[in-house]
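Reviewing the structure listed below.
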Amino acid sequence: MSEVQEVRALIAAGSSTSRLQKEGNMIRQFSVTYQLQELRKQKHQKAIDFLENEMEKLNKNMLEKADTNSRLLANKLCNLEVIYALFEKLQEKKNFVNMNQEDVHNIWSDVTLQFKIRKEWITDLDNMLTESERNYTKQVRQLFKENYTILNSIAHMNPHQTHWLMDTKAQEVNKQILNGRRTFADLKLKLLTSEVELEKQQHNKWKRHQYNWQGFRIEQAVEKFK
């Protein structure tokens, strides 16, 4: 009986050892898998952070460029010295002596030309903003393409999840671009509307000077008949 018990004890001990080895292998395998998942997770987050930081830089550069050029245009539009100078001849009656109707109309033609130039400045700004947005979109598209490849190679998410993540971020960018376009369009409209109003004011000013000139010429003609 004692020999049978010893054999049974050896078998039980062997079975226990085998079970422990299996459990140890499973723990080690789980530990390696967990470490691999954590490593992929860290790389994945690092790639996402890089994408967001680069997008923020691109957006910041575009907005800074738009702000700088908008301020430069605002300063140019606020300067009316050239237009005021064109009206100088009509400011005093003593200048009316050597002026005829063509001279008076030429002054308004010159003023009109200045407003045409100012409107071209506004169009130039709008073209610059459009080109800046086009470059921003191109750079973001390239950034998304590269990051999508990196995220798939990291494989923290399956391809479907990665595609959904990038599509969500792309929609956010598209919304941002559309908001920017509306802002640029509103800016152009306000500037052009302001120019139209200013041109009307200057035209009314020119007409008053024209009436003064006509009155002066009438007075001269009356004086000649006296």
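The values are calculated or read from the model by the stated rules, or taken from the named source; none is laboratory data. For clarity, every value in this text was computed on a predicted model and none was experimentally measured. FYI the Cβ positions are ideal-geometry reconstructions off the backbone, even for glycines, and counts take in every protein chain you see. We work out accessible area using only protein heavy atoms, side chains counted, and drop any ligands, DNA or RNA first. Shrake-Rupley method; radii C 1.70, N 1.55, O 1.52, S 1.80 Å.
In deg cm²/dmol and to the nearest 500, what is the mean residue ellipticity at 222 nm of the chain if only DSSP H runs of at least 4 residues count, each as -39500 (n - 2.57), divided by the residue total?
Details: 4 runs with 204 residues, N = 226.
Result for the chain, helices only: -34000 deg cm²/dmol.
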Normalised contact order of the chain, rounded percent, pairs of Cα under 8 Å and 6 or more residues apart: 31 percent
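Pop out the Kirkwood hydrodynamic radius of region 126-226 from its pairwise C-alpha distances, inverse of mean 1/r, in Å to one decimal. Kindly include the intermediate steps, with their values, before the conclusion.
Numbers: mean 1/r = 0.0524 Å⁻¹.
That comes to 19.1 Å for region 126-226.
Could you tell me the calculated FRET efficiency between Leu72 and Asn174, based on Cβ-Cβ distance and R0 = 35 angstrom, to the nearest 0.05?
0.75
Would you please classify the overall shape of the chain from the alpha carbon gyration tensor, given that a ≥ b ≥ c denote the square roots of the eigenvalues, rounded means a/c under 1.5, and beyond that prolate means a/b larger than b/c while oblate covers the rest? Let's see the in-between values first.
Values: a/c = 8.34, a/b = 7.72, b/c = 1.08.
It comes out prolate by the Cα gyration axes.
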Protection proxy ranking of 120-131, 168-179 - average other beta-carbon atoms within 10 Å, highest first: 120-131, 168-179
Reachable lysines, given that their alpha-carbon falls under 25 Å from the alpha-carbon of Lys41 and they are not under 8 places away in the same chain: Lys57, Lys145, Lys169
List Ser153, Ser132, Ser194, ordered by accessible area with a 1.4 Å probe, largest first: Ser153, Ser194, Ser132
Per-residue HN-Hα couplings for region 136-151 [Karplus 6.51, -1.76, 1.60; θ = phi - 60°; Hz; x = Gly/Pro]: 4, 4, 5, 5, 5, 4, 5, 4, 5, 4, 5, 5, 4, 5, 5, 5
Straight-distance crosslink candidates among lysines, where the alpha carbon sits under 25 Å from Lys200 and sequence neighbours closer than 8 are dropped: Lys76, Lys89, Lys93, Lys116, Lys119, Lys188, Lys190
Separation of alpha-carbon centers, region 116-162 and region 175-226, rounded to whole Å: 40 Å
Charge sum, other residues only, whose C-beta stays under 12 Å from Val140's C-beta, Lys/Arg counted +1 and Asp/Glu -1: 0
Per residue accessible area in Å² of the chain, where ligands, DNA and RNA are left out and the probe is 1.4 Å: 73 Å²
Carbon plus sulfur fraction of accessible area for region 167-213, probe 1.4 Å, in percent: 53 percent
Folded to 0 to 90 degrees: helix 159-225 orientation relative to the chain principal axis, Cα: 10 degrees
Extended-chain gain in nm, criterion 0.36 nm per residue less alpha-carbon gap, Lys138 and Lys116: 4.6 nm
